[in-house]
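Input: a single structure, listed below in structure tokens.
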């Protein structure tokens, strides 16, 4: 690796000297024309070598690579991996072979009740999002039914008019969502 860095440093230095020589030749022609016309010639431009050394460039590259690896390789629990494996399986027989023993009964029921479209979205989102979705947290997957823990019971409205109002509100919101998607 050191040999490659030394070679790169030598090529860069040679390129800078060559560019400086070309600029000096152009300057000599411009200066001669200026003297013929009786005008003061411009100053000679100087190319300064870059402040970055090959070692500093390598350090920056390695730290950027480390940050990228940390972002893409977040640890996933067995739950997230199992849900992602189940959602990624296209064939129902293969889905049936996925080990879901790490899930609670409510989580397994929720997962098995998802449609194929929901499972495709879940598989595309990755294991971390699968873990968040099955534990009832916000996963960022649009349109996925929410997983409710076993102990949570939805409040049932006492007045029948509230039930009708809620049903109408849901239909209106679903229609708005379809219009926005189209």
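Any read-out appearing in this document is the output of simple, stated calculations on the displayed coordinates, not a laboratory observation. Because the structure is a prediction, the values reported are computed rather than measured. Note: ideal-geometry Cβ built from the backbone for every residue, glycine included; neighbour counts use all protein chains shown.
Pop a pseudo-label 7 angstrom from the Cα along the beta-carbon direction at both residue 57 and residue 163 and give the gap in nm to one decimal.
About 7.3 nm, to one decimal.
If you stretched the chain out fully between residue 43 and residue 170, how much longer would it get, using 0.36 nm times the residue separation minus the C-alpha to C-alpha distance? Intermediate values should be presented prior to the final figure.
Numbers: separation 127, 0.36 × 127 = 45.72 nm, distance 7.52 nm.
That works out to 38.2 nm of additional length.
What order, most packed first, do the peptides 17-27, 98-108, 79-89 have when packing is the mean number of other Cβ atoms within 10 Å of each residue? Please list the in-between numbers first.
Numbers: 17-27: 11.7, 98-108: 14.6, 79-89: 21.8.
Order by mean packing, descending: 79-89, 98-108, 17-27.
Taking the simple approach of a point 7 Å from Cα along Cα-to-Cβ for both residue 16 and residue 98, what is their distance in nm?
In this crude label model, residue 16 to residue 98 measures out at 5.7 nm.
Restricting things to alpha carbons, find the Rg to Rh ratio for region 72-148 using the Kirkwood radius for Rh.
Details: Rg = 11.1 Å, Rh = 12.1 Å.
On the Cα set of region 72-148, Rg over Rh gives 0.91.
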